[in-house]
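Notes follow once the structure below has been shown.
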Amino acid sequence: MTITIADLTSNVVTDSCNIVTGDGVLDDLMETVNTHLAAQYTLGRITSTEYAKVYLGAMQAALSQGVAYTLGQAKSNAETSLLFQKEITEFAQTDQTTKVAPSATSVMGAQAALSIEQAKGFKWNADQKYLKTVLDAWSINISTAGVAATGVDAINEIGTNNINDRIDAAEPTG
């Protein structure tokens, strides 16, 4: 971010006593520095020969802190703006205006429902592949041997040793 003089100092006014005031960050810091320096000079803690050195050091520190504060505010403002936008995005995804679980019709709710259905589809697909493998093996045994060598007497829904019993007994779980 580029900092301009207007970011640090604005509406600068000098009164009849040569007291400088303004609305910027540097103006506020320098008003405080000047007030403290004047008090220390009046108390005799800073002499006239030391005043220039102390004033120069205080001015450099105030300028440095003013720039740092201004940069910090611009980063802080951008972060606040980003967090507000993120909150809007999250509420849009959950179809809620408060911090509660997403509704079923929201983006996240639909995504959760889709994941559940996909898991069912994967399970169904695995079951179908398993069934096809068993039926193919039974079919090959019947066609090559002439008799079922799989222990399945017939592909019937009822009776002992039917294909359904064999599938249930050997089916993967989970």
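Readers should treat all values here as calculations from the given coordinates under stated rules, not as data from a laboratory. Note that this is a predicted model, so its numbers are computed, not measured.
A few comments on the model shown:
- Cross-link reach list, lysines versus Lys86, counting only Cα pairs under 23 Å and skipping chain neighbours closer than eight places: Lys75, Lys99
- Average Cα contact separation per residue, segment 5-94, under 8 Å, 6 or more apart, as relative contact order %: 23
- Percentage of interatomic Cα-Cα distances in segment 1-153 larger than 18 Å: 78
- Across segment 24-73, Cα-Cα pairs farther apart than 18 Å form 33% of the total.
- Estimated Rh, segment 5-94: Kirkwood, alpha-carbon pairs, angstrom: 15.7
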